[in-house]
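I have placed the structure first, in the form of structure tokens, so that the comments after it can refer back to it.
What follows is calculated from the coordinates using simple rules that are stated; it is not laboratory data. Treat the numbers as computed from the prediction; the structure is a model and nothing was measured. We place every Cβ from the backbone using ideal geometry, glycine too, and count neighbours over all the protein chains shown.
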Amino acid sequence: MIKLDTPATTPKRIDEKIIPMINIIFLLLMFFLIAGNISELVREDVVPPRSSSTVVAISAHTDWILARDGTIILREQEMNMRQVAAWLAVEENSLPQRIVLRADAGTPSGMLLPLMDLMRDHGVDKISLVTINDDGNR
Amino acid sequence: MRFPQMSRATARRISLTPLIDIVFILLLFFILESNFLQFGELVFSTPQQEQPGSSRVRPIEIQVFEDGRIWFDGRTHDVVTLGAFLADKSYESQTPVIVRAHFDLPVQLLVRVVDVLQVNELFNQQILLLEE
């Protein structure tokens, strides 16, 4: 009588045990892909202040960034206040009525307020300061 | 008759262990790189020049110093006591508020003061620099 080898069943059993675990791992992966925000911010060292009163969710990506040392990053170019004023003096560089500004939490107010003055002088009505929502006060 | 035996290696399926390793590494990457901070916005109307007498309601003035001390109504406050004090006073929501911030006052503390004002529904704010 000819006896043929039967296909080994052990590998199939191992696969059956691993597949549910792979499913869970893929679900976790999908969760972090969807729920997480892995986009890179320009100047990640500029951390916005925390606020308990802001509920509107906006993106932290903005053209205007004010660093702690007073450096203004405008469209990824570093400038000081004088250079920004000169840039704005060019007629073609107009500002919209609303600007989103990301300022570092440690920036002195004496650097923020003159910048806001400068924006107002060039037609800006509202400045939205990017903040991080305080979870504890929701 | 002798049939060639099928080796177990050829009958074995593709190993899933490397796939699991890759998925775990990807998972670890996304866990570390994910950012769950929720960003909001605080709208500032740009600082306007003072117009004395333009409002019927007398504006209230708050001075904030670089260390976070708040001078209001003849007393020194911090952010917490200011909130309680304003709540007791029950100002009208249209009451103009002038916040004078010291040059070196960090934006974080300024935002905290603005938060307190907004909690007390004092939305008519002007933020100016404290003149020394």
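Taking amide hydrogens as placed 1.01 Å from N in the peptide plane, the amide H of residue A:128 sits under 5 Å from those of A:99, A:100, A:101, B:44, each at least 5 positions away in sequence or on another chain. Given R₀ = 25 Å, what would the calculated FRET efficiency be for residue A:43 paired with residue B:123, taking r from the Cβ atoms and rounding to 0.05? Calculated value: 0.25.
Around the amide H of residue A:36, modelled in the peptide plane, lies no amide H under 5 Å away from a residue 5 or more places distant or on another chain. Distances between placed amide hydrogens fall under 5 Å for residue B:99 paired with B:62, B:126, B:127, B:128, all partners being 5 or more residues away or on another chain. Spin-label pair residue B:19-residue B:103: with each label point 7 Å from Cα along the Cα-Cβ axis, the two points sit 6.6 nm from one another. Sorted from longest to shortest, the spans of the Cα atoms of the stretch B:57-132 along the three principal axes equal 30, 22, 21 Å. Rounded to the nearest 5, the antiparallel percentage of DSSP beta bridges internal to the stretch B:68-132 is 40%.
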